[in-house]
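Sharing a structure, written as structure tokens. Questions coming.
The values are calculated or read from the model by the stated rules, or taken from the named source; none is laboratory data. Bear in mind that the values here come from a model prediction, so they are computed numbers and not experimental data. We place every Cβ from the backbone using ideal geometry, glycine too, and count neighbours over all the protein chains shown.
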Amino acid sequence: MTAPATAGPRPLVSEVVPAALERLLHEADVRVDRWFDGRKAPGLVYGVLVDGRLVHARSLGTLRVGEEAPPTLESRFRIASMTKSFTAATVLSLRDEGRLSLDDLAERHVPELASLRYPTADSPRMTIRHLLTMTAGLPTDDPWGDRQQGLDLESFAALLGGGLTFAFVPGTRFEYSNLGYGILGRVITNVAGKEYREVVRERFLAPLGMDATGYLAEEVAPEHLAQGYVWRDDGGFEEEPIDPYGALASMGGVFTTVPDLARWVAGFVDAWPPRDDTDDGHPLSRAVRREMQQPIVPFALATLRTSAEVPTVESIHYGYGLFIVEDFRIGRTISHGGGYPGFGSQMRWHPASGLAVIGMANGRYAPVTPLLREILSELVAAEAVPSRRIRPAEPTVAARAAVEGLLERWDDAAAAALFAMNVELDESIERRRQASEGLGAAHGRLTPDPDEPTRSESPLHLEWWMRGERGRARVEILLSPELPPRVQMLNLTSVPDPSPPLADAAARIVAALSPADGTAAAIPADLPLGPGVARAAVGRALRATEARFGTLRLGPTIGGDGVRSATYRLLGDLGRVELALEWDPDAGALSSVGLLPVRLSSIDLE
């Protein structure tokens, strides 16, 4: 047992990118260097993709301890459970050909399962869908399953035929199961009539040009194969045996390279957004690749402490061979990790921006996942690559123009032609006319605010801002499902200019978030606070906000009555924050101060 040979960081791919992204990639490299110095693995390769293109890749360390063998673009690492996405894709391709149904009983294709004893008399029998979504009721089996990789087919058949232990009734909850994906490998073999790895190669690896990806270590040139290791505190890195191909290869057997893994991830990224142009020649249609990335089964609600020591919340679901994570900071990400004796890996992407990260290391269960999760989060939050936005449909664009015409000069006949039948039932046309004219009286002539982007939650929804001589107004419409669609919802929100005390308080708080003298953020000592506002608590909130979002600038007001309340949008280097203030005119002090991170929408897709 020895320490690895010294090998400094090596750039493998370094494309020209915008300066803002280049700076963030440098910061990611620094983060990776710190991770690697913690002796997590002898070697590591990682890469960053933008819209499916590998723009940055780097390696550290060595493939083989004691040798000067730095990882390269040709180096092959076992990616363990990331293999499950290949298995799920293969099952779906067989489904699309009509050769199986996801609701088929698993025993139809794997006869050894016919004699299973289920946990209760009312248990449904295990289906292929249960296996794909890890709801088959089989127990979590990472330590045991990871040692079954090389199990031969006959022994696997005997294992299944001898009965299995259930943790839960099938279909009732998620439980991570390597064995379940091993069974799917047998399903693929039996349905396709040929060995599992050959089916994957013919259906995906060959068509995608992933020639450096496979399941057999013996097919890899020795100089390109990453040897796996485990760290021993009393002796350094100890070599781990590489298990042979076997019956459970479908849960964790793939070896691949950075370029090949980038190509695999690019296929999922390119499935977004849905569009009219012809498919891209991928073996799976874009629709099916998006299907794999849908949240099907809830897994966990996790509170995570980020590098900035600011907790965040993730809601985690499982789809088909992929995890779907709703991150409060950046919206939806798709991922899967791989942990195995001798290896650790992760692939993770953000559909709304097209950003993705991949990484592979040759240390036992190397914690690549938290490393890449933070790198991707910071790349997305900094908005160096703009997120794709949902485009409003043509009828929505036309409805916007009609609404702006009504705000300019109300016309009952035009309103009747524009609105769906529910609108007048929800609020009379007379009241809507009064609301429209009230905006004009409060703000003067309203025109679209060119500095504010529009927002759509669907092609039939649109929200935009209009600026007046005095303050602003937010307009929101939603169209009906009839043909042609009509406006079923119209919301008008008046946002007056804030009073001088509110404007002064906001400016001083933002200045305190990023002090020019480099001191820690703190609430100004002379800022008047009412008895219900804890100065120390506000100070802690300011410091946490500064740590998470970097330098913040005061943006426009987005809410409040302008006299007693105002909500501002703050624009940061690493995201956006809403600052909500309430002012007590009688006391001449702030009665409430709130800072709320703005969640980047997971539906910001064109």
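Criterion first (in contact with a Phe, Trp or Tyr (Cβ under 9 Å, 6 or more places away or on another chain) and free of Cβ contacts under 8 Å to residues at least 40 places away in the same chain) does Glu546 satisfy it?
On the way: in contact with a Phe, Trp or Tyr (Cβ under 9 Å, 6 or more places away or on another chain): no; free of Cβ contacts under 8 Å to residues at least 40 places away in the same chain: yes.
Considered against the rule, which asks whether it is in contact with a Phe, Trp or Tyr (Cβ under 9 Å, 6 or more places away or on another chain) and free of Cβ contacts under 8 Å to residues at least 40 places away in the same chain, Glu546 comes out as no.
How many of the residues making up the range 143-159 are more than 22 Å from Pro170 (Cβ to Cβ), in contact with a helix residue (DSSP H, G or I) (Cβ under 9 Å, 6 or more places away or on another chain) and not in a helix (DSSP H, G or I)?
Residues meeting the conditions: 4.
Of all residues being under 17 Å from Val487 (Cα atoms) and of a type in the set (Phe, Trp, Tyr) in the range 415-473, which is surrounded by the most Cβ atoms within 10 Å (Cβ to Cβ)? Just the residue, please.
Phe419
What number goes with the only condition from (1) in contact (Cβ under 8 Å) with a residue 60 or more places away in the chain; (2) closer than 30 Å to Ile429 by Cβ that Ser494 does not pass?
Unmet for Ser494, out of (1) in contact (Cβ under 8 Å) with a residue 60 or more places away in the chain; (2) closer than 30 Å to Ile429 by Cβ: (1).
Against the conditions (1) at pLDDT 95 or above; (2) among the β-branched types (Val, Ile, Thr); (3) in a loop (DSSP other than H, G, I, E, B), where does Val17 fall short? Just the number, please.
Here Val17 meets the rest and fails (1).
A further question follows. What number of residues within the range 127-142 satisfy the criterion of being in contact (Cβ under 8 Å) with a residue 60 or more places away in the chain and assigned to a helix (DSSP H, G or I)?
Number of matching residues: 2.
Please list, ordered by first then second residue, the pairs with beta carbon atoms under 7 Å, 6 or more apart or interchain, first in the range 47-70 and more than 17 Å from Ile375 (Cα to Cα), second surrounded by fewer than 19 Cβ atoms within 10 Å (Cβ to Cβ) and basic (Lys, Arg).
So the pair list comes out as Pro70/Arg10.
When the residues of the range 194-239 are filtered to those that are among the hydrophobic types (A, V, I, L, M, F, W, C) and in a strand (DSSP E or B), which remaining residue is surrounded by the most Cβ atoms within 10 Å (Cβ to Cβ)? Lay out the reasoning, then the answer.
Of the residues in the range 194-239, the ones among the hydrophobic types (A, V, I, L, M, F, W, C) are 199-200, 204-206, 208, 210, 212, 216-217, 220-221, 225-226, 230-231, 237.
Add one more test, that the residue is in a strand (DSSP E or B), and what stays is 225, 230-231, 237.
Numbers: Leu225: 21, Val230: 15, Trp231: 17, Phe237: 24.
Within the range 194-239, the match that is surrounded by the most Cβ atoms within 10 Å (Cβ to Cβ) is Phe237.
Looking at Val32, Val48, Val13, Val55 in this structure, which one is surrounded by 23 or more Cβ atoms within 10 Å (Cβ to Cβ) and not aromatic (Phe, Trp, Tyr)?
The unique qualifying residue is Val48.
Output the residues belonging to the range 67-91 that are of a type outside the set (Asp, Glu) and not in a helix (DSSP H, G or I).
Passing the criteria: Ala69, Pro70, Pro71, Thr72, Leu73, Ser75, Arg76, Phe77, Arg78, Ile79.
For the range 269-341, which strands (runs of 3 or more DSSP E) that fit wholly inside it have 3 or more residues that are modelled with pLDDT of 95 or more, buried (at least 18 other Cβ atoms within 10 Å of the Cβ) and among the aliphatic types (A, V, I, L, M)?
No strands (runs of 3 or more DSSP E) qualify here.
Residues that are on the phi < 0 side of the Ramachandran plot and basic (Lys, Arg): find the helices (runs of 4 or more DSSP H) completely inside the range 388-432 holding 1 or more of those.
Values: elements: 394-408, 412-418, 421-426.
Hits in the range 388-432: 394-408.
Does Arg486 satisfy being buried (at least 16 other Cβ atoms within 10 Å of the Cβ) and modelled with pLDDT of 95 or more?
Yes.
Here is a further query. Of the conditions (1) more than 30 Å from Val30 (Cα to Cα); (2) under 14 Å from the mean Cα position of the chain (by Cα), Thr396 satisfies every one except a single condition; which number is it?
Exception for Thr396: condition (2).
Here is a further query. So which pairs qualify, if the first residue must be in the range 223-238 and more than 18 Å from Pro367 (Cβ to Cβ), the second must be hydroxyl-bearing (Ser, Thr, Tyr) and at pLDDT below 95, the Cβ gap must be under 6 Å, and the two must be at least 6 apart or on different chains?
Close Cβ pairs satisfying both conditions: Gly236/Thr2.
If you scan the range 365-387, which residues turn out to be more than 16 Å from Leu25 (Cα to Cα) and within 14 Å of the chain's Cα centre (by Cα)?
Scanning the range 365-387 gives Thr369, Pro370, Ser387.
Kindly list the number of the only condition in (1) part of a loop (DSSP other than H, G, I, E, B); (2) in contact (Cβ under 8 Å) with a residue 24 or more places away in the chain that fails for Ala121.
(2)
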